[in-house]
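What follows draws every value from the coordinates through simple rules; no lab data is involved. Bear in mind that the values here come from a model prediction, so they are computed numbers and not experimental data. Methodologically, a virtual Cβ is constructed for each residue, glycine included, from the backbone with ideal geometry; neighbour enumeration extends over all protein chains shown.
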Amino acid sequence: MMKSGKQRRREIKAARQCRAAKAQQALAISPPLGFRPGAALAVHPERLAAYNSYGEPPFVARGWYEDQPFRCRDCGKDQVWTAAQQQWWYEVVQGSVYAGAVRCRACRLLRRQGGRPQNTA
Ligand SMILES: [Zn+2]
């Protein structure tokens, strides 16, 4: 029996809803603490440093940068790596897409000067 046009439309609609649900799931990565939607910036994959060895980084799959809290590895202070800083690092400096923030600005400067970090933790 031939499928009616109505039935085919129903199937197309169901497939579309299925794709939409999958896209929703992809976006459902829970935002980090302190996430402000206004601070999100679009990812421009064509501007990133080349990658392929470990697959697509999560922020590329997600499609935007968002403020990311982290704890400084040296002094233990809670910091935020902002969406703008991430975009600068990945797209302007073309830093490694697998690298993230690990140290606060003060500790990075200290390291660059060859000084010892102050451990206040
Ligand atoms: Zn620090």
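The table that follows gives values for the structure above.
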quantity	calculated
Looking only at segment 85-117, and only at residues there that are touching a Cys at 6+ places or on another chain (Cβ under 8 Å) and in a helix (DSSP H, G or I), the one that is surrounded by the fewest Cβ atoms within 10 Å (Cβ to Cβ)	Ala106
Count of segment 50-84 residues which are more than 16 Å from the ligand (Cβ to nearest atom), surrounded by fewer than 14 Cβ atoms within 10 Å (Cβ to Cβ) and part of a loop (DSSP other than H, G, I, E, B)	7
